[in-house]
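Enquirer: Sending over a structure as structure tokens; questions will come in a sec.
Read-outs: derived from the displayed coordinates by stated rules, not from any lab. All figures in this text were calculated on a predicted structure; none of them were measured in a lab. Note: ideal-geometry Cβ built from the backbone for every residue, glycine included; neighbour counts use all protein chains shown.
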Amino acid sequence: MLTTACVALCSVTFLLGFGLARVPWRRRPVPEGRGPGDATFTTLHTAAMAAPALRAGLDRDSARKAVRHLRTLLGTSAVAITSTEAALAWDGPCTDDVLTYARAALSAGRAQVFPEGPQGAVVVPLTVDGTVVGTLAAFDDEVSAALVRTVSEVGRWVSGQLELAELGASRRRALEAEMRALRAQISPHFVYNALTTIASFVRTDPQRARELLLDFADFSRYALRRAHDFTTLADELTCVDRYLLLERARFGDRLRFSMQVAPEVLPVPVPFLCLQPLVENAIKHGMAGRGGPGEVRVVVRDAGPEAHITVEDDGAGMDPECARRMLDEDPAREGNGIGLANVDLRMRQIYGDGYGLVVETALGAGTKVRLRVPKTQLSSL
């Protein structure tokens, strides 16, 4: 996050300076009634128009959307964007030698000036994380030192936007890898216990065994499917219901559970596999070490712009400091399963620190885990 903020701050600092400098370079008179503030606004507005396309990464589509705004920003007769292998897009009358010029800048790794020919050209490399990924070329009737400096600075700004695009792509790849790891962390103990429970009914109650096997198949299909980072609350609750049916078969009448859900929140998007780990934790700690029955309650309420979810058990509870350590432990540590730490980390990554899990517990008082989900899905990847 710090890297993203630094890139964005540098971009704004550069553009403010460029907005004040570009008019003297072109020696265009400021229209009557307009001042330097208007020129700065125009520059920032033009850059803002180009930024979304550039933050999608460097390809033909993003270059095509951005190049017109870059030409306006530079005030030159033509602008072209290339990759390391091809011309991606251009705006204005552009020389056929753009690739030749681009290869020179790519080879040198710095700005190249071509004053000869029908049009003069300044070509600067575009870099992402220290690697040259393409070039920005500006063409005009006259190539001055001011033009070289200006194109170089705009090239740095474009590189900054592409850097942000790469940061976003890296974050998406990390989340995808985390999701694959998440599926791999489905508790092996649960799988073993579920199959053992089903096997115990094969002879005594074949119909019950068949129903449980279908429940297990539904749960596995959901947990292991290829899915986006988000699902609906309705689908997540269905997964929890299948899980609870399997655990009820294992514990029998010792396990009681209830689900109270406001129907208006069922379509709310939620992170994939965010509830089942909370219910698994409630059963694990609520039923541990007790011979009598235990109860798990899931309540989902409509809270205006948010859905509020609580998962509560009436077990032995734990020391609050122990609960804090559970949230702080490494989610990827072998043996943790999915666990509270994984859900807490994902909620904070997606929605912000204010949306982490809240655990209320004390020795002998059971455990309640609270989860808040905004009804409007934020962009995760």
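Enquirer: In terms of modelled amide H atoms, which long-range or inter-chain residues lie less than 5 Å from the amide H of T231?
Expert: For T231, whose amide H was placed from the backbone, the distant partners under 5 Å are V270, F272.
Enquirer: Please compute the Kirkwood hydrodynamic radius of the stretch 185-374 from all pairs of different C-alpha atoms, in Å with one decimal.
Expert: Across the stretch 185-374, the inverse of the average 1/r is 17.1 Å.
Enquirer: Using r as the Cβ-Cβ distance of D141 and T232, and R0 as 45 Å, what FRET efficiency do you calculate, to the nearest 0.05?
Expert: 0.15
Enquirer: Using only the alpha carbon atoms of the stretch 37-97, find the Kirkwood hydrodynamic radius as the inverse mean reciprocal pair distance, in angstroms to one decimal. If you can, show how the numbers build up before the last one.
Expert: Values: mean 1/r = 0.0834 Å⁻¹.
About 12.0 Å, per the Kirkwood formula over Cα pairs.
Enquirer: Let me ask something additional. I want the local charge near G155. Using Cβ-Cβ distances under 13 Å, sum +1 for each Lys or Arg and -1 for each Asp or Glu among the other residues.
Expert: +1
Enquirer: If I model a spin label at T42 and V299 as a point 7 Å from the Cα along the Cα→Cβ vector, what separation in nanometres do I get?
Expert: Those two pseudo-labels are separated by 6.1 nm.
Enquirer: How large is ³J(HN,Hα), in whole Hz, for each residue of the stretch 256-269 in order, when computed from phi with the Karplus curve 6.51 cos²θ - 1.76 cosθ + 1.60 and θ = phi - 60°, using x for Gly and Pro?
Expert: Coupling constants for the stretch 256-269: 10, 8, 9, 10, 10, 10, 6, x, 5, 9, 4, x, 4, x Hz.
Enquirer: A follow-up question, please. Would you mind checking which residues have amide H under 5 Å from R256's amide H? H placed 1.01 Å from N; only 5 or more apart, or other chain.
Expert: G294, E295, V296
Enquirer: For a quick protection proxy, order the peptides 58-66, 203-211 by their average other-Cβ count within 10 Å, most packed first.
Expert: 58-66, 203-211
Enquirer: When only C-alpha pairs under 8 Å and at least 6 residues apart count, what is the relative contact order of the stretch 107-146, in percent? Intermediate values should be presented prior to the final figure.
Expert: Details: 60 pairs, mean separation 14.3, N = 40.
Relative contact order for the stretch 107-146 comes out at 36 percent.
Enquirer: Name the residues whose placed amide hydrogens come within less than 5 Å of the amide hydrogen of G134, ignoring near sequence neighbours (fewer than 5 apart) on the same chain.
Expert: Those lying under 5 Å, H to H, from G134 are L126.
Enquirer: Could you work out the relative contact order of the stretch 185-374? I mean the mean sequence separation of Cα pairs under 8 Å and 6+ apart, divided by the number of residues, in percent.
Expert: 19 percent
Enquirer: Something else: Let me have the relative contact order for the stretch 38-157, percent, based on Cα pairs under 8 Å that are six or more residues apart.
Expert: 20 percent
Enquirer: Would you mind ranking F201, F219 so that the residue whose beta carbon has the fewest other beta carbons within 10 Å leads the list?
Expert: Listed from fewest to most nearby Cβ atoms, that is F201, F219.
Enquirer: Show me the ranking of peptides 248-254, 193-199 by mean Cβ neighbours inside 10 Å, starting with the highest.
Expert: In decreasing order of mean packing, 248-254, 193-199 become 193-199, 248-254.
Enquirer: What number in nm² do you get for the stretch 104-150 if you take the convex hull of its Cα atoms and divide its surface by four?
Expert: The number I arrive at for the stretch 104-150 is 3.3 nm².
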